[in-house]
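These notes are about the structure you will find just below.
The values are calculated or read from the model by the stated rules, or taken from the named source; none is laboratory data. Bear in mind the structure is a predicted one, so any value in this text is a computation, not a measurement. Cβ placement follows ideal geometry from the backbone for every residue including glycine, while neighbour counts extend to all protein chains displayed.
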Amino acid sequence: TQLLEQSPQFLSIQEGENLTVYCNSLSVFSSLQWYRQEPGEGPVLLVTVVTGGEVKKLKRLTFQFGDARKDSSLHITAAQPGDTGLYLCAATRDYKLSFGAGTTVTVRA
Amino acid sequence: DTAVSQTPKYLVTQMGNDKSIKCEQNLGHDTMYWYKQDSKKFLKIMFSYNNKELIINETVPNRFSPKSPDKAHLNLHINSLELGDSAVYFCASSQPLAHLYTDTQYFGPGTRLTVL
């Protein structure tokens, strides 16, 4: 079993729609990260959340860390084709960064 | 002024061959990593070096041998390539933080290895 479970695995929506990606675990983390990976590129950090219940906004992206620090969500408002990519959540366990399996988001124009 | 660079971008080779992938970072970070991303996009750590010393070695076959000549470079040599080694290999670097919070990892563009 993976440390971090992401859902859904795939998401295809029309431009202008909203979407939410979830990252869940049975473990408690001191912090959790979200990365975005575009085709042919390496992952790029979007945000690090560190406090239970924390909400961070990055333009149209809203990140939330669960109160118990076991889960997180990423919400995109009015998605655009430029939001297309693989979204990965990640957390440190035993000094190693572990990634979820990722959510592939496709935003159709 | 690329932060983390890898060469080559693509590598196609026959089973049984030996190949190397090179990585360089100009961020001044102390820690470098190798990750493997499989065909299902799952990203898993293979090795981590801190100031040229190996600190993480996951259950990777010993056909894979990392080498860090200095803290800005981390190369990966693979002996006797197998079909299952086909994947995208990412180099990354980070500057470990003094507290428990997860540091930011900066990834290279990846090397797509195809073993025929």
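In the set B:F47, B:F90, B:F64, B:F42, which member is more than 29 Å from A:V49 (Cβ to Cβ) and hydrophobic (A, V, I, L, M, F, W, C)? Break it down stepwise before answering.
Numbers: B:F47 fails: more than 29 Å from A:V49 (Cβ to Cβ); B:F90 fails: more than 29 Å from A:V49 (Cβ to Cβ); B:F42 fails: more than 29 Å from A:V49 (Cβ to Cβ).
Residue meeting the stated conditions: B:F64.
Taking B:I78, is it modelled with pLDDT of 90 or more and more than 9 Å from chain A (Cβ to nearest Cβ)? Even if it seems obvious, please write down each step before you answer.
Numbers: modelled with pLDDT of 90 or more: yes; more than 9 Å from chain A (Cβ to nearest Cβ): yes.
Yes: the conditions hold for B:I78.
For region B:15-28, which positions are under 10 Å from B:I78 (Cα atoms), assigned to a strand (DSSP E or B) and among the polar types (S, T, N, Q)?
Within region B:15-28, B:S20 is the sole residue that qualifies.
What's the number of the only condition in (1) under 12 Å from the mean Cα position of the chain (by Cα); (2) assigned to a loop (DSSP other than H, G, I, E, B) that B:H77 fails to meet?
(2) is the only condition that B:H77 fails.
Identify, by number, the condition in (1) assigned to a strand (DSSP E or B); (2) within 12 Å of chain A (Cβ to nearest Cβ) that B:V12 doesn't meet.
The single condition B:V12 does not satisfy is (2).
Evaluate the following for A:S25: is it farther than 22 Å from B:W34 by Cα, out of contact with any Phe, Trp or Tyr (no Cβ under 9 Å at 6 or more places or on another chain) and either among the basic types (K, R) or crowded, with 18+ Cβ neighbours inside 10 Å (or both)?
On the way: farther than 22 Å from B:W34 by Cα: yes; out of contact with any Phe, Trp or Tyr (no Cβ under 9 Å at 6 or more places or on another chain): yes; either among the basic types (K, R) or crowded, with 18+ Cβ neighbours inside 10 Å (or both): yes.
Yes, satisfied.
Which of the residues that make up region A:78-109 are in contact with a Gly (Cβ under 6 Å, 6 or more places away or on another chain) and away from chain B (no Cβ under 14 Å)?
Answer for region A:78-109, where residues must be in contact with a Gly (Cβ under 6 Å, 6 or more places away or on another chain) and away from chain B (no Cβ under 14 Å): just A:A78.
If I filter region A:61-77 for residues that are within 14 Å of another protein chain (Cβ to nearest Cβ) and in contact (Cβ under 8 Å) with a residue 60 or more places away in the chain, do I get at least one hit?
No, the conditions are met nowhere in region A:61-77.
Collect the residues in region A:6-46 that are in contact with a Lys or Arg (Cβ under 6 Å, 6 or more places away or on another chain) and more than 10 Å from chain B (Cβ to nearest Cβ), keeping them in residue-number order.
Hits for region A:6-46 are A:Q14, A:S25, A:V28, A:L46.
Residues checked against (1) crowded, with 19+ Cβ neighbours inside 10 Å; (2) not aromatic (F, W, Y):
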| residue | (1), (2) |
| --- | --- |
| A:Q6 | yes, yes |
| A:E15 | no, yes |
| A:V21 | yes, yes |
| A:W34 | yes, no |
| A:E38 | no, yes |
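May I ask you to list the residues in region B:80-96 that are closer than 13 Å to B:S48 by Cβ and within 14 Å of the chain's Cα centre (by Cα)?
B:F90, B:C91, B:A92, B:S93, B:S94
Does any residue of region A:89-107 turn out to be more than 24 Å from B:Y35 (Cα to Cα), at pLDDT 95 or above and touching a Pro at 6+ places or on another chain (Cβ under 6 Å)? Step through it out loud before you land on a result.
The first filter runs over region A:89-107 and keeps only residues more than 24 Å from B:Y35 (Cα to Cα), leaving A:106-107.
Retained after the next criterion (residues that are at pLDDT 95 or above): A:106-107.
Next, only the ones that are touching a Pro at 6+ places or on another chain (Cβ under 6 Å) stay: A:107.
Yes, region A:89-107 contains a residue that is more than 24 Å from B:Y35 (Cα to Cα), at pLDDT 95 or above and touching a Pro at 6+ places or on another chain (Cβ under 6 Å).
Across region B:1-51, which residue is farthest from A:A90 (Cα to Cα) among those that are without any contact (Cβ under 8 Å) to a residue 40 or more places away in the chain and among the aromatic types (F, W, Y)?
Looking at residues that are without any contact (Cβ under 8 Å) to a residue 40 or more places away in the chain and among the aromatic types (F, W, Y), I get B:Y49.
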